[in-house]
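Please read the structure below before turning to the comments.
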Amino acid sequence: DFYQTPDVSKPRYIRVNTLKLDVDSALNELGKQYMVQKDDLVPDLLKLPPKCDLHDHPLVMNGSIFMQGKASSMVAAALAPKPGWEVLDACAAPGNKTVHLAALMRGKGKVIACELNKERIKRLQDTVRLSGADNIEVLHGDFLSLDPKDPPYSKVRAILLDPSCSGSGTVAERLDHLLPSYAAGQAANIDEAERLNKLASFQKKALAHALSFPQVERVVYSTCSVHQIENEDVVKSILPLAESHGFQLATPFPQWQRRGLPVLEGSEHLLRTDPVEDKEGFFIALFIRKDRTMVHQS
Ligand code: SAM
């Protein structure tokens, strides 16, 4: 889902859009042309050999499968929203994780997909249309301005926060839309440290905001950055506030070996993927509030 140069040595991953096609049918269909197997970690994810080019494949064209990397596919799976929940994707475009959420919820409940950038709203709408999901509401606005107590948001049970980041974990950097000069193509002029500070400051505000929604019980914070300042440092700085709201860090994909840098207590809960070994550098933190779960289960 990122702007990156194809790396021929890495396996290709595709995520089956279970709103349109079941995993076994996808395996059968793709198996006619490729050596394809199920991923051992992420449900609905299939692994194909390097060099497979599926861009024009009919199943891609009709939205039955999405070309989505493994690390990127781990994010919505880590949030694990339940069918019927109301879920907020805070920084949604181009929407790969939004439609993954809708598929995990089997089309039941509601996904609110919030996006600030007008141009990227179009891409988000295209992705939603292609997915066939009919329970996604696209919202053009600033996530930071959403009032958590407003009726549309007060029932939100899970938030996926995948904010603008430096993109340092990917081969080519993702476009960043926070900084006007960056969007205008003057990235080279911005001092890298200052840029990272600005990004981290937004990321902290956004994470604090996500944790302030009254009924939220699961929040995932993710980046495709390898920088501690955008990852562990963000979590470390917001953790006291999270704990004051009753949240704790939980462990997404416990069998995954590479965890957070040991710069905070609880870093073993955090998940990192390595840009060399795993081909993409991603970071995932999962916050869970147990008392809300108990209220809802009783
Ligand atoms: N989750 C997306 C996916 O998997 O397809 C990628 C999200 S991208 C890393 C971050 C997005 O956040 C960008 O599209 C950016 O325009 C948007 N964004 C930045 N600041 C925002 C804000 N304050 N409110 C809502 N969206 C914002």
* Kindly check whether there is at least one residue in the stretch 180-200 that is assigned by TED's automatic domain parsing to the domain that holds Pro83, at pLDDT 95 or above and either touching a Cys at 6+ places or on another chain (Cβ under 8 Å) or within 12 Å of the ligand (Cβ to nearest atom) (or both). => yes
* Asked: Of everything in the stretch 258-267 that's under 20 Å from the mean Cα position of the chain (by Cα) and without any contact (Cβ under 8 Å) to a residue 24 or more places away in the chain, which residue is nearest to Pro240 (Cα to Cα)?
  -> Arg259
* Scan (1) over 23 Å from Val128 (Cα atoms); (2) under 22 Å from the mean Cα position of the chain (by Cα); (3) touching a residue at least 24 places away in the same chain (Cβ under 8 Å) for the single condition Arg15 breaks and write down its number. => (1)
* To do: From (1) buried (at least 18 other Cβ atoms within 10 Å of the Cβ); (2) away from the ligand (no atom under 13 Å from the Cβ); (3) hydrophobic (A, V, I, L, M, F, W, C), pick out the condition that doesn't hold for Ala80.
  => (1)
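So which residues in the stretch 93-124 are small (Gly, Ala, Ser) and either more than 8 Å from the ligand (Cβ to nearest atom) or touching a residue at least 60 places away in the same chain (Cβ under 8 Å) (or both), if there are any at all?
Taking the stretch 93-124 first, the residues small (Gly, Ala, Ser) are 93, 95, 102-103, 107, 109, 113.
Matches in the stretch 93-124: Ala102, Ala103, Gly107, Gly109, Ala113.
Based on what the data block shows, is Ala90 outside the structural domain of Gly31 (by TED's automatic domain parsing) and either closer than 24 Å to Ala26 by Cβ or of a type outside the set (A, V, I, L, M, F, W, C) (or both)? So that I can check it myself, show each step before the final result.
Working: outside the structural domain of Gly31 (by TED's automatic domain parsing): yes; either closer than 24 Å to Ala26 by Cβ or of a type outside the set (A, V, I, L, M, F, W, C) (or both): no.
No.
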* Taking His209 as meeting all but one of (1) surrounded by 23 or more Cβ atoms within 10 Å (Cβ to Cβ); (2) under 16 Å from Ala90 (Cβ atoms), write down the number of the exception. => (1)
* Could you grab me the full set of residues in the stretch 126-164 that are more than 15 Å from the ligand (Cβ to nearest atom) and among the polar types (S, T, N, Q)? => Asn135, Ser154
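The values are calculated or read from the model by the stated rules, or taken from the named source; none is laboratory data. Remember, it's a predicted structure, so these values are computed and weren't measured experimentally. Positions of Cβ are generated from backbone atoms using ideal geometry, with glycine treated the same way; all protein chains shown enter the neighbour counts.
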